[in-house]
Amino acid sequence: MQLGPLELGLILVIVLLIFGAGKLPEVFRSMGEGIREFRKAASNPEDEDTPAADASNTPQAG
């Protein structure tokens, strides 16, 4: 599905109405940081902590 210029303009107008022009840079900055973190996490899955593997090595009480 592709967005044409009319759809993009409508989305921009709705975003401006919701957030206001003053807060818009902050909103897009935080969205960009979130996307950047997501891409970073998606490209390096081996860097994740594995608490489930650590929990399986500990003995259970009982």
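One line per residue, one yes/no per condition, for (1) among the hydrophobic types (A, V, I, L, M, F, W, C); (2) within 12 Å of the chain's Cα centre (by Cα); (3) modelled with pLDDT of 90 or more:
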{"residue": "Leu10", "(1), (2), (3)": "yes, no, yes"}
{"residue": "Ile14", "(1), (2), (3)": "yes, no, yes"}
{"residue": "Ala21", "(1), (2), (3)": "yes, no, no"}
{"residue": "Leu24", "(1), (2), (3)": "yes, no, no"}
{"residue": "Asn44", "(1), (2), (3)": "no, no, no"}
{"residue": "Asp54", "(1), (2), (3)": "no, no, no"}
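Check the range 20-30 and report whether any residue there is surrounded by 10 or more Cβ atoms within 10 Å (Cβ to Cβ), outside any helix (DSSP H, G or I) and on the phi < 0 side of the Ramachandran plot. Yes - at least one qualifying residue is present in the range 20-30.
The values are calculated or read from the model by the stated rules, or taken from the named source; none is laboratory data. As the structure is a prediction and not an experimental result, all values here were calculated from the model. Cβ coordinates were reconstructed from backbone atoms using ideal geometry, including for glycine residues, and neighbour counts include every protein chain displayed.
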